[in-house]
Protein chains: 2
Amino acid sequence: MTKPARSVEFTLLHEDSGGGDARRGRLTTPHGAVQTPAFMPVGTLGAIKGLTVDQVASTGSEMVLANTYHLSLRPGEAVVKELGGLHRFMGWDGPILTDSGGFQIFSLASRAKVTEEGCEFRSHIDGSLLNLTPERAVAIQEMLGGDIAMVLDHVIALPAEENSVRDACDRSVRWAERCQAAATRSDQSLFAIVQGGLDGSLRRQCAEQLTKLDFAGYAIGGLSVGEDPEDMYEAIEQTCPALPRDRPRYLMGVGRPQDLLQAIRRGVDLFDCVMPTRNGRNALAFTDGGPLRLRNAVHRLDARPLDSSCPCLACRHSRGYLRHLFQSDEMLGPILLSHHNLTYYQRLLAAARKAIEEDRFEPFCHDRMAGWESSAGDD
Amino acid sequence: MTKPARSVEFTLLHEDSGGGDARRGRLTTPHGAVQTPAFMPVGTLGAIKGLTVDQVASTGSEMVLANTYHLSLRPGEAVVKELGGLHRFMGWDGPILTDSGGFQIFSLASRAKVTEEGCEFRSHIDGSLLNLTPERAVAIQEMLGGDIAMVLDHVIALPAEENSVRDACDRSVRWAERCQAAATRSDQSLFAIVQGGLDGSLRRQCAEQLTKLDFAGYAIGGLSVGEDPEDMYEAIEQTCPALPRDRPRYLMGVGRPQDLLQAIRRGVDLFDCVMPTRNGRNALAFTDGGPLRLRNAVHRLDARPLDSSCPCLACRHSRGYLRHLFQSDEMLGPILLSHHNLTYYQRLLAAARKAIEEDRFEPFCHDRMAGWESSAGDD
């Protein structure tokens, strides 16, 4: 019996030979290909906050993420389905990944109660009682219709007792298997999520168990929840070698530019994070010299753009104008800085991909880190 | 002695022969030409709220307005000048008109006190005591550097006693003369503002006095301040014939689509209003069948665009998606509807210009009015 072809395939194009584990790949989906390492802007409610889909595409973004938890509450997956599925709903014709809602249930919802069956929680909007099982998480995501769906995982706060971490980790594996059994769409592929907290041995065990289940891709979940960055890097380093070389590796919800490079060095292919857009809305701009806070008075009469080499919409204006927009609460400030920061992330990833192709990711990484630590920024 | 060439010139291209006073013209400025009748989006603080300058241009807008009162408070005209003037500051390379601040002083500032010299008022932001004279209004606008500057006028609330209207009207003429004497920039032209409330005789007198002063253009001010639309139309009808045929006529701060057409019938060439953007931010979309309120539940599952013939960014999406954006407080809702409404206004004006060229403005006007009154909208 031949295995059915997956709707999402990963091709490992090159491994950097310069010392680290950085990889260059290509992820093909029913809605086009994504060059990896790749960063996905977050479109929580079916919109990347403040930007039109054309503007998102113009940052160099190839795939976006949408949140199942949020969309199932508003407008509801049935509405999204009725309006043609997520791609048509958002007007984004490229690849879309939906998360499972697991992370939001544990971070946003109140009084989440986990049983082996699934979890019960209250909506953060109106307090209504809801529940999510692995089967339901898949069903919702199939109605949303993203190219990649995520299994429901049991996320816990860190630090936690070993027993709790192991328990959540084992449950996540059982839930992943139930998700796999529940999936029916041939045009959607499922990624598993490795849990295990900061315990390297648990992370490896979880990765190995999930690998046996043969998923289209593997995520590293439950990180960037308040732990020290070095601990996070260590957990990534423990996990990646236990994952199959020919499948994409996705670090969920991370992170700062330096976190992306540190994770790429350790073999991660895919990222998502609200940081570029959220920080942009809060007047923080990423630059090679470190972050700039546009509300600072020092920018008042500054005629320079944030970055004279940046092709984004914000960099057609002076820092003084951008500061004025934030000081005056003009929507255009958050819009322009969201576009700048996403462009910054995508240019960083494009440069990282090129460095990997040329086997110089380690020196590239070192140089970028040095720039961010130079404090040319005003953060 | 030959008169110095004006930096802003109006060419009357055609007068509709179908019964009304609609005119087709062209306004040339140091930053390009504007086809009239024309509508200017309002960029109060040097930004059309929620839209990038490219998006504003893509609506068909050729000239924008910025508010002197607001910009002189934040960031201050010196900052705008230091950052290269309004065009560079905003990144808008087309024509810009700045108002004089007169209207805002009487509508926004508190405790405005008028003397012959000028007016004293308190900032609506921090309550600081400020004053504005005709000379200072010109000086600020010269620092801002728009293509067209407006004289400082004395605006009063309507209805008002005849004596107060006449007094404010006479003062506005004297102030206009002082503004003219104070103007120094050869690349900026000054428009006068006709006052006179709803008194046709005062309006005509004011128009005649200002006409003798020979301005580059003439505005009709002090309307749309709460009076009945029919009274406003009547005031316009009284004023226009008293203005020189070869100069542009600008109706300040007006208005609804029907107001624009009623004013064009009476010979107005130029408009500005916050309505398309402000209403867009509040989930109201203009359509040929009347306004649609996107928060209404009726749009929840509606897969149709607002208008299938509209090329705007909103009309690539379903009404259901637009409703979802507003229900979820996503910035993209206000952004998309601002773009739609400005596009609606600009397409309306483009159609009006074509109708005038073809001497069918009266039937065009009648048809459009009938559509808006058909209540196909849900307002």
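Taken together, the values in this text are just the output of simple stated rules run on the coordinates, not laboratory data. What you are looking at is a predicted structure, and each value in this text was computed from that prediction instead of being measured. Note that each Cβ is placed from the backbone with ideal geometry, even for glycine, and that neighbours are counted across all protein chains shown.
One table, with the values for the structure above:
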{"quantity": "Partner chain coverage, peptide A:90-98 - average Cβ within 10 angstrom", "calculated": "1"}
{"quantity": "Positive dipole terminus of region A:280-372, leading residue within A:Pro305, A:Ala283, A:Leu325 (C-beta point charges)", "calculated": "A:Leu325"}
{"quantity": "Pair B:Asp359, A:Ser201: separation of 7 Å Cα→Cβ label points (nm)", "calculated": "9.6"}
{"quantity": "Degrees between helix B:134-144 axis and first principal axis of chain B (Cα, 0 to 90, nearest 10)", "calculated": "50"}
{"quantity": "Dipole moment magnitude, nearest 20 debye, region A:280-372 about Cα centre, only Lys, Arg, Asp, Glu C-beta charged", "calculated": "360"}
{"quantity": "In degrees, nearest ten, helix A:332-357 long axis to first principal axis of chain A (Cα)", "calculated": "70"}
{"quantity": "Computed log₁₀ I(q)/I(0) - Debye formula, equal Cα scatterers, no solvent, the protein assembly as shown, q 0.07, 0.09, 0.11 Å⁻¹", "calculated": "-0.59, -0.87, -1.12"}
{"quantity": "Shortest-first nm distances, A:Leu12 label point to equivalent points in other copies (7 Å, Cα→Cβ)", "calculated": "7.9"}
{"quantity": "Cβ-vector label at 7 Å, A:Asn163, separations to other copies in nm", "calculated": "9.1"}
{"quantity": "Calculated label separations, B:Ala297, copies of the chain, 7 Å along the beta-carbon direction, nm", "calculated": "5.3"}
{"quantity": "Other-chain or far-sequence residues with amide H under 5 Å of B:Asp302's (modelled H)", "calculated": "B:Gly320"}
{"quantity": "Lysine pairs in the protein assembly as shown with Cα atoms under 28 Å, if 8 or more residues apart or on separate chains", "calculated": "5"}
{"quantity": "Point-charge dipole on Cβ atoms (K/R +1, D/E -1) for the protein assembly as shown, about Cα centre, debye to 20", "calculated": "360"}
{"quantity": "Debye, to nearest 20: dipole size of chain B, +1 on Lys, Arg Cβ, -1 on Asp, Glu Cβ", "calculated": "860"}
{"quantity": "R0 of 56 Å, Cβ-Cβ distance B:Ala78-A:Leu12: FRET efficiency to nearest 0.05", "calculated": "0.45"}
{"quantity": "Convex hull (Cα only) mean projected area of region A:15-273, reported in nm² to one decimal", "calculated": "12.9"}
{"quantity": "222 nm mean residue ellipticity, helices alone, for chain A (DSSP H n ≥ 4; -39,500 (n - 2.57); rounded to 500)", "calculated": "-12000 deg cm²/dmol"}
{"quantity": "Simple label model, 7 Å out from Cα along Cβ direction - A:Lys212 to A:Ala157, nm", "calculated": "3.3"}
{"quantity": "Positive-end residue of B:Thr44, A:Ile156, A:His31, charge dipole of the protein assembly as shown with Cβ unit charges", "calculated": "A:His31"}
{"quantity": "Burial ranking of peptide ranges B:145-154, A:306-315 (average Cβ count within 10 Å, highest at the top)", "calculated": "B:145-154, A:306-315"}
